[in-house]
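The values are calculated or read from the model by the stated rules, or taken from the named source; none is laboratory data. The shown structure was predicted, so the numbers you read here are calculated from the model rather than taken from an experiment. When we count neighbours, we look across all protein chains shown, and the Cβ atoms used for this are built from the backbone with ideal geometry, even at glycine.
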Amino acid sequence: MRFSLIASPLLLATVMVAPLAAQADIGPTRITLSIGDVLRMADSASEAVGIARAGIRAAGGRLLQARSGWLPQLSGAATYTRTLESQFEALQGDSVGNGNAGPAPVNCTRFRPNPTLSAAARLDSLERGLDCTANGNGEIDFSKLPFGQANQWSFGLDLQQTLFDPTLSARIRQASAGEAAAHATLATARSGAVLEVAQAYYDALLAARLSEIADNTLAQAERTQRDVELAYRVGNAAEFDLLRATVARDNQRPQVIQRRTQHTLARLKLLQLLDLPVDARLELTTPLGDTTAIPLPAFADQVVATSDGAIASRAVVRAAGAAADAAEAQAAAGRGQRLPTVRLSSAYSKLTFPDEVFGWKSFLTDWNVAVRVSVPLFTGGRIRGQVQEAEAAAEQARLQLRQVRESASREVIEVGDQLAAAAATFEASRATTTQAVRAYEIAEIRTREGISTLTDLADVRLQLEQAEANRAQAARDLQVARLRASLLRDLPLGAGRPGASGGL
């Protein structure tokens, strides 16, 4: 019994702790990514690309609307009308001259005497029937006419066809230019997303490398401080040397904290760009100094393969050109409003006037065709104002196109120079780093032997840290410059420019 009392709490504790332990073992999701992985994920994870794709669908819809103006417009309608009171009741019902019931109406098609009426009323109805027969040939039956009928049903088709409209062609041209601009915008968004994700990837690698350099420098400073402290205790170093070594170590700690924070923020930005959990354990497998060709996505490979360096092939130039075409078409549409328009219309209807709501009987046919010519004679300056506004917008679009061409031309030269400079800087940093490492090794030996001072060692340590940081920054800049040069055709102006969004 005592064993069961002791075992029961232990068993309960084990049952409660087991799920917690299992959850602890699971922990954050571990994600391993290479540069090729993130570039393939960039297209689907970018909100800008999704917005651009929606813009293409919208532009296609506007083009369909514009083209529909030349096609027939056919619509059908069914109408029910209930007449509560009508001015034509006097023709179909009893006369209401003074509010008293008069003689019954006479059917001109067939006269039927009413024996129940008085002699005077029967004589009056007979005279009315003879008059209706003599003057109307017995063909009028007001019960079949639509005037004042209680129930009326109408089933009809309406056809509209534009025969001539000078503004329609201009509107179609404007919509086509808008669709071309939307496709250029999508190409820009896709290449921009690839470059942005690549920059974030290399920034995360750079931040990790700089954090590692800061940690190594702190470890070297701590080792030096311990050596000086030991020498001070045995009387081989002065208190001044110990204080300097301690201050050098303590000054390195804020740098370590800063580099770790930058690494965390760079990793968070990359996770958010890829729509990954922010608490995921991210492992980047591509080395920062890897100079092999970057594996681009399929659409980016196509961009590189078809890129001929021509200014006209740039996506931004294509978009600006499409905007200029759309503005010209808008101006043409405004001028076309001064010309006449010709439209054909036809209406076909089947009518019935049942005694009951759904008591359909014979149907009557109503069919007409019309041609309408419309000419603006006086609009109070409305058309002139619209044309003036559209022509000014077209002039602005032409100037903006010229401005974009000039910027794109300068950027081609700029990208080439930046790529050459990044490659030269990377190669130069290799020798500098090797020399800085060797200098620090010699400085440590000289300091231990008493040949050099701690000041010399501190200066060499700072030079080593700066050389390694420059090497990492140069590797990052080289990779971004190469990718920017590969995607230049479809990149927006200024994308990937040094100092714009990358670097730590």
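Couple of notes before you dig in:
- Hits in the range 283-298 - residues which are under 23 Å from the mean Cα position of the chain (by Cα) and surrounded by fewer than 16 Cβ atoms within 10 Å (Cβ to Cβ): A298
- Residue match in the range 246-255 (condition: at pLDDT 90 or above and in contact with a strand residue (DSSP E or B) (Cβ under 9 Å, 6 or more places away or on another chain)): no
- Test for E239: is it loosely packed, with under 13 Cβ neighbours inside 10 Å and either in contact (Cβ under 8 Å) with a residue 12 or more places away in the chain or out of contact with any Leu (no Cβ under 9 Å at 6 or more places or on another chain) (or both): yes
- Residues of the range 412-467 classified as assigned to a helix (DSSP H, G or I), closer than 27 Å to R244 by Cα and of a type in the set (A, V, I, L, M), total: 13
- Matching residues in the range 229-277 - criterion: being in a helix (DSSP H, G or I) and among the polar types (S, T, N, Q): T246, N251, Q252, Q255, Q258, T261, Q262, T264, Q272
- Qualifying residue in the range 324-340 (condition: surrounded by 13 or more Cβ atoms within 10 Å (Cβ to Cβ), touching a Lys or Arg at 6+ places or on another chain (Cβ under 7 Å) and not assigned by TED's automatic domain parsing to the domain that holds Q403): no
- Selection from the range 365-394 of residues that are closer than 30 Å to V317 by Cβ and without any contact (Cβ under 8 Å) to a residue 60 or more places away in the chain: Q386, V387, Q388, E389, A392
- Unique match (being touching a helix residue (DSSP H, G or I) at 6+ places or on another chain (Cβ under 6 Å) and touching a residue at least 60 places away in the same chain (Cβ under 8 Å)) among L401, L344: L401
- Candidate set from the range 130-150 (those that are within 21 Å of W367 (Cα to Cα) and either over 56 Å from the mean Cα position of the chain (by Cα) or outside any loop (DSSP other than H, G, I, E, B) (or both)); member that is modelled with the highest pLDDT: Q149
- Check on L163, part of a strand (DSSP E or B) and at pLDDT 90 or above: yes
- Verdict on D25 being of a type in the set (D, E, K, R) and either at pLDDT below 85 or assigned to a loop (DSSP other than H, G, I, E, B) (or both): yes
- Contact map, the range 170-188: residues that are at negative phi paired with residues that are outside any helix (DSSP H, G or I) and not aromatic (F, W, Y), Cβ distance under 6 Å, separation 6+ or inter-chain. Pairs shown: T188/P492.
So that you can scan it fast, the table gives a plain yes or no per residue for (1) surrounded by fewer than 22 Cβ atoms within 10 Å (Cβ to Cβ); (2) touching a Gly at 6+ places or on another chain (Cβ under 6 Å); (3) over 30 Å from A204 (Cβ atoms); (4) without any contact (Cβ under 8 Å) to a residue 24 or more places away in the chain:
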| position | (1), (2), (3), (4) |
| --- | --- |
| V437 | yes, no, no, no |
| Y440 | yes, no, no, no |
| R446 | yes, no, yes, yes |
| S452 | yes, no, yes, yes |
| L457 | no, no, yes, no |
| Q463 | yes, no, no, no |
| R471 | no, no, no, no |
| R476 | no, no, no, no |
| Q479 | no, no, no, no |
